[in-house]
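As structure tokens, the structure follows; a few thoughts come after it.
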Amino acid sequence: MIEYFSDATKLYTAITILTVYTLLVEIICIKATSLDIANSFASVFYLVVVAAVCEWIGVIAPLLSKELRGFLMVAKSLELMVAPVIPVGMALSVAREKAKVHHVIPLSLNVINIAVSLFTGHVFYFTPDNVYHHGPMYFLYPIAYFTGVIYMIMKVVTASRKKAFKDSAVLIFSFSLLLFGIIVQAIYSDIRIDWCTAALASTLVCLNYVTQDQKKAVEDMKKAMDEANIANKAKTNFMGRMSHDLRTPINGIMGMVQIAKKNVDNNEVVADCLEKIDSSNRHLLSLISDILQMSSLESGGITLAHEGFDIVEILGDSVEMLSSAAKDRGVRLIDDGYENIKYRKVIGSPVHVRQVFTNIISNAVKYNKMGGFVEIKTSVIGESEDKITYRFSISDTGLGMSDEFMKKLFEPFSREDDENIMKRPGSGLGMSIVKELVTLMGGNISVISEKNVGSVFTVDIPFEIDREIEKKQDEDSIPQSFEGKRVLLVEDNDLNQEIAIYMLEDKGFEVDTASNGKEAVGKFLSSSLFYYDVILMDIMMPVMNGLDATKTIRNTGRSDASVPIIAMTANAYEEDKKECIRAGMNEHIAKPLEEREIMVAISKYVH
């Protein structure tokens, strides 16, 4: 059949083959990238292939037999339906937008218009021998098509101005080529190059887009690798520093134990060793707690409490806790008497509030000078009906910080490279923990500092005002003796069990022990009613854990199933506490065990 083609028909056949081949190769290539933008362009390429092939059928139709020319009706219908969609699709691909109502409605009207024309012939019609002719309302098709072209040009210009397309020159050249093909097609209907120029232009644009996305992916990967290398370096430095910081108190503990063993008969030496062991132990616990808490903060594992407490009491406890260390360093702790605290009873997370104050004041003491001071001031900076925001200003006459270090003060593991600072123990986590906790509480922290002059930390924290004030039990109300009271101690660790037994018996308790939850349930069930006054329950135990043991005891149906059960566990976070309460426990005490804290908890239920 090819020998019957005219030169113009042969040329157009070659152009159509080139167009379809180019687009099919491009579709295969860009589909392999799996990029959203590539899939968007591929959809347009499919339409261009359909339109190009359908128009080619229209070109060669007169050369076909009457029967074969019947394909022309289907081909022309598809071409006239698809063509207006192509420039709109290209415009949306360039702008990286989804189709909206103002795109879909006119395109849908065009499709309906062409479909109706198959029966009415108002846009196009066929003679009995299947020869194609324009209908009286054919102008509706070019209006739809060129409206899409104008929309595409506007989107191209907009995209260039917004620099969504980085290489504007490629974009403008590509669509100039497409526009040229459309104009030539409109003026010289026999020179059918519009689909070929559409294929070439869209291919250039798509390749440029895909290249941009791939470059961005490579840049993101390189950035991620750089960040990973920095993180690895920071971890390496951290491990080296923590190895030193952890070994220092451990070495102190081991050394003092050896000295105490050799001086068992010298009470003064043993007492001094025990005091230093206690100090090293607390420092070691502080380091480990910081590491674990930073990990929980980074993973989103910290849950703030929502309970009433006395803010002045928290401040006072923090100062009292650090007074001994301050005295040893010759540093004075000064406060304003907390006279500006309008409402002492507030609702918040007392454990974390105390930690914020303790960390800041501790640093102010640790990095201070002999004869210096740390001053705590309080004020109200905001108040509504149910909330109040307090400002806590903690200033010191310490070593201060350089401007360079101030920029990374709140980053984990950061410590200033200064001989006076590095020789003092610390993990570099304290201030990053403070920053995270204050942010979690909806507050703000800021600092001003001058090297060798001092620092001023300002902490703003909002609290709910506790309108229903419940008087907390005072430490002085703890009975001096619990003679005749029985406690069931559930603990699987022999050393922890020995420590707890000593504390309890020292206060007069009669102590029964169990090594796991199942044994505890058995002892409770075999005891007479109200035999035990309180149960101290560990959580992580073999055979049956403390939570399941508590639930079992609560569901025994005995009249003393409501016996007070106090969790005594190393699971120290707020969520752990809530889990214990949900299981039916009355209180939660975190290990390591403090005698005063245990007795305060027990005295709430045992008198």
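The values are calculated or read from the model by the stated rules, or taken from the named source; none is laboratory data. Please read these numbers as outputs of a predicted model, since none were measured by experiment. Here Cβ is always computed from backbone atoms with ideal geometry, including for glycine, and neighbour counts include all displayed protein chains. We work out accessible area using only protein heavy atoms, side chains counted, and drop any ligands, DNA or RNA first. Shrake-Rupley method; radii C 1.70, N 1.55, O 1.52, S 1.80 Å.
Among the residues of segment 558-584 satisfying the criterion of being closer than 14 Å to D533 by Cα and of a type outside the set (S, T, Y), which is nearest to the chain's Cα centre (by Cα)?
The first filter runs over segment 558-584 and keeps only residues closer than 14 Å to D533 by Cα, leaving 559-566.
Next, from what is left, pick out any that are of a type outside the set (S, T, Y): 560-561, 563-566.
Details: D560: 46, A561: 42, V563: 41, P564: 39, I565: 36, I566: 34 Å.
Top of the filtered list is I566.
Within segment 486-497, can one find any residue that is free of Cβ contacts under 8 Å to residues at least 40 places away in the same chain and under 19 Å from A601 (Cβ atoms)?
Taking every residue of segment 486-497 in turn, at least one turns out to be free of Cβ contacts under 8 Å to residues at least 40 places away in the same chain and under 19 Å from A601 (Cβ atoms).
Any idea how many residues of segment 132-160 are at pLDDT 75 or above, over 19 Å from A51 (Cα atoms) and either aromatic (F, W, Y) or surrounded by 13 or more Cβ atoms within 10 Å (Cβ to Cβ) (or both)?
3
Considering each residue of segment 345-354, count those that are open to solvent by less than 40 Å² (accessible area, probe 1.4 Å), outside any loop (DSSP other than H, G, I, E, B) and in contact with a helix residue (DSSP H, G or I) (Cβ under 9 Å, 6 or more places away or on another chain), and give that number.
Within segment 345-354, residues that are open to solvent by less than 40 Å² (accessible area, probe 1.4 Å), outside any loop (DSSP other than H, G, I, E, B) and in contact with a helix residue (DSSP H, G or I) (Cβ under 9 Å, 6 or more places away or on another chain) number 5.
Just checking, does segment 305-324 include any residue being closer than 15 Å to E464 by Cα, under 38 Å from the mean Cα position of the chain (by Cα) and among the charged types (D, E, K, R)?
Yes: one or more hits.
Residues being out of contact with any Gly (no Cβ under 6 Å at 6 or more places or on another chain), assigned to a loop (DSSP other than H, G, I, E, B), at pLDDT below 75 and open to solvent by less than 60 Å² (accessible area, probe 1.4 Å): count how many of those fall in segment 385-435.
In the first step, residues of segment 385-435 are kept if they are out of contact with any Gly (no Cβ under 6 Å at 6 or more places or on another chain); the result is 385-388, 390-395, 399, 401-412, 416-435.
Next cut, assigned to a loop (DSSP other than H, G, I, E, B) only: 385-386, 399, 401-402, 407-412, 416-418, 423-429.
If we keep only those that are at pLDDT below 75 as well, we get 412, 416-418, 423-429.
Among the residues that remain, those that are also open to solvent by less than 60 Å² (accessible area, probe 1.4 Å) are: 412, 416, 418, 424-429.
Counting residues in segment 385-435 that are out of contact with any Gly (no Cβ under 6 Å at 6 or more places or on another chain), assigned to a loop (DSSP other than H, G, I, E, B), at pLDDT below 75 and open to solvent by less than 60 Å² (accessible area, probe 1.4 Å) gives 9.
Conditions: (1) assigned to a helix (DSSP H, G or I); (2) aliphatic (A, V, I, L, M); (3) open to solvent by 50 Å² or more (accessible area, probe 1.4 Å). M370 meets all but one. Number of the miss?
(1)
I'd like to verify a number: residues in segment 314-351 that are under 19 Å from I461 (Cβ atoms), in contact (Cβ under 8 Å) with a residue 40 or more places away in the chain and charged (D, E, K, R), how many?
Summing the residues that are under 19 Å from I461 (Cβ atoms), in contact (Cβ under 8 Å) with a residue 40 or more places away in the chain and charged (D, E, K, R) in segment 314-351 gives 4.
Out of the residues in segment 28-69 that are among the aromatic types (F, W, Y) and open to solvent by less than 40 Å² (accessible area, probe 1.4 Å), state the one that is modelled with the highest pLDDT. Give the steps one after another, and end with the answer.
Pass one, segment 28-69, residues among the aromatic types (F, W, Y): 41, 45-46, 56.
Okay, now just the ones that are also open to solvent by less than 40 Å² (accessible area, probe 1.4 Å), so 41, 45.
Numbers: F41: 71, F45: 77.
If we take residues in segment 28-69 being among the aromatic types (F, W, Y) and open to solvent by less than 40 Å² (accessible area, probe 1.4 Å), then F45 is modelled with the highest pLDDT.
Any residue at all in segment 583-601 that's over 22 Å from N496 (Cβ atoms), open to solvent by less than 30 Å² (accessible area, probe 1.4 Å) and in contact (Cβ under 8 Å) with a residue 24 or more places away in the chain? Let's see the steps before the verdict.
Going residue by residue through segment 583-601, those that are over 22 Å from N496 (Cβ atoms) are 584.
From what's left, open to solvent by less than 30 Å² (accessible area, probe 1.4 Å): 584.
Then drop every residue that is not in contact (Cβ under 8 Å) with a residue 24 or more places away in the chain, which leaves 584.
Within segment 583-601, one or more residues are over 22 Å from N496 (Cβ atoms), open to solvent by less than 30 Å² (accessible area, probe 1.4 Å) and in contact (Cβ under 8 Å) with a residue 24 or more places away in the chain.
How many residues are in contact with a helix residue (DSSP H, G or I) (Cβ under 9 Å, 6 or more places away or on another chain) and either of a type in the set (K, R) or at pLDDT 90 or above (or both) when one looks only at segment 588-607?
The qualifying residues number 3.
Looking only at residues that are open to solvent by 40 Å² or more (accessible area, probe 1.4 Å) and not β-branched (V, I, T) in segment 106-125, which one is farthest from I86 (Cα to Cα)?
Of the residues in segment 106-125, the ones open to solvent by 40 Å² or more (accessible area, probe 1.4 Å) are 106, 108-109, 111-112, 116, 118-120, 125.
Next, only the ones that are not β-branched (V, I, T) stay: 106, 108-109, 118-119, 125.
Values: P106: 13, S108: 13, L109: 15, L118: 22, F119: 25, Y125: 24 Å.
The selected residue is F119.
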